[in-house]
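Notes follow once the structure below has been shown.
The values are calculated or read from the model by the stated rules, or taken from the named source; none is laboratory data. All values derive from a computational prediction rather than experimental measurement. No Cβ is skipped: glycine too gets one built from the backbone with ideal geometry, and neighbour counts run over all protein chains shown. The accessibility values were calculated without ligands, DNA or RNA, using every heavy atom of the protein model including side chains. Shrake-Rupley method; radii C 1.70, N 1.55, O 1.52, S 1.80 Å.
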Amino acid sequence: MHREPLISVVIPVRNGKRFVASAINSIVAQEYRNLEVLLIDDGSTDGLVSHLRHSPGFVKYIRQEQRGQAAARNRGIHESKGDLIAFLDIDDLWTRSHLKTLLRCLEQNPEAGIAQGMMRQFWMTPHGRCFSTVPYRMPYLGSCLFRRTVFHQCGMFDERMPYGEDYDLMFRCWENDVAKV
């Protein structure tokens with residue numbers, strides 16, 4: 001019998017209590033059982049922890065002083081146990097088969113360090129009308145599944161960067177030829 005590998009999902013968050021339930025529900029909807037979820041609270045002041053009381057048992061809450069998204073993501077990587085790592089921003093959602101699809105790609109391409117899916121953006125008008133883009137591909141962390149070895153080969157998130165640390169990492173992955181799927 002094939003055992004599902006452990007996937008560590010890292011959620012960096014600062015003052016995102018209104019999104020916690022939907023983000024966690026998005027993970028639960030994956031129907032992937034061998035998960036650990038590390039919610040890294042980067043100095044929230046909005047009562048975030050009180051919204052985690054009814055979270056599934058696989059959600060591990062870790063609080064740190066505010067140091068930025070890069071530091072929160074790095075902390076999640078260091079604290080995680082899985083050989084596969086996914087990132088979910090607190091205000092994002094995954095489609096139901098996201099993790100299984102990306103895992104299948106990595107299993108079929110053992111030389112690849114990253115599997116990347118598509119993404120789309122949604123927004124709502126002040127009158128409640130919802131819009132979305134068509135699915136498209138861009139270097140976005142939430143649409144990827146990483147092998148842990150990628151971070152050994154390409155490095156961690158640059159904590160000196162207040163913005164763009166995700167693109168910086170993705171470009172380093174391309175330069176090191178680990179982004180093949």
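Here are a few things to note about the model shown:
- Once segment 90-110 is narrowed to residues that are modelled with pLDDT of 95 or more and charged (D, E, K, R), the residue that is nearest to Tyr163 (Cα to Cα) is Lys100.
- Residue within segment 126-142 that is in contact with an Asp or Glu (Cβ under 9 Å, 6 or more places away or on another chain) and small (Gly, Ala, Ser) present: yes
- Only listed residue being at pLDDT 95 or above and farther than 24 Å from Arg160 by Cα, chosen from Leu38, Leu84, Leu52: Leu84
- Per the conditions (1) over 20 Å from Cys144 (Cβ atoms); (2) within 15 Å of the chain's Cα centre (by Cα); (3) not hydrophobic (A, V, I, L, M, F, W, C), the sole criterion not satisfied by Ser97 is (1).
- Checking Met118 against (1) farther than 20 Å from Asp91 by Cβ; (2) touching a helix residue (DSSP H, G or I) at 6+ places or on another chain (Cβ under 7 Å), the condition it does not meet: (1)
- Residue list for segment 102-156, filter: among the hydrophobic types (A, V, I, L, M, F, W, C), open to solvent by 20 Å² or more (accessible area, probe 1.4 Å), touching a residue at least 60 places away in the same chain (Cβ under 8 Å) and under 21 Å from Gln69 (Cβ atoms): Met156
- Flag for Leu169 being touching a helix residue (DSSP H, G or I) at 6+ places or on another chain (Cβ under 8 Å), open to solvent by less than 10 Å² (accessible area, probe 1.4 Å) and not basic (Lys, Arg): yes
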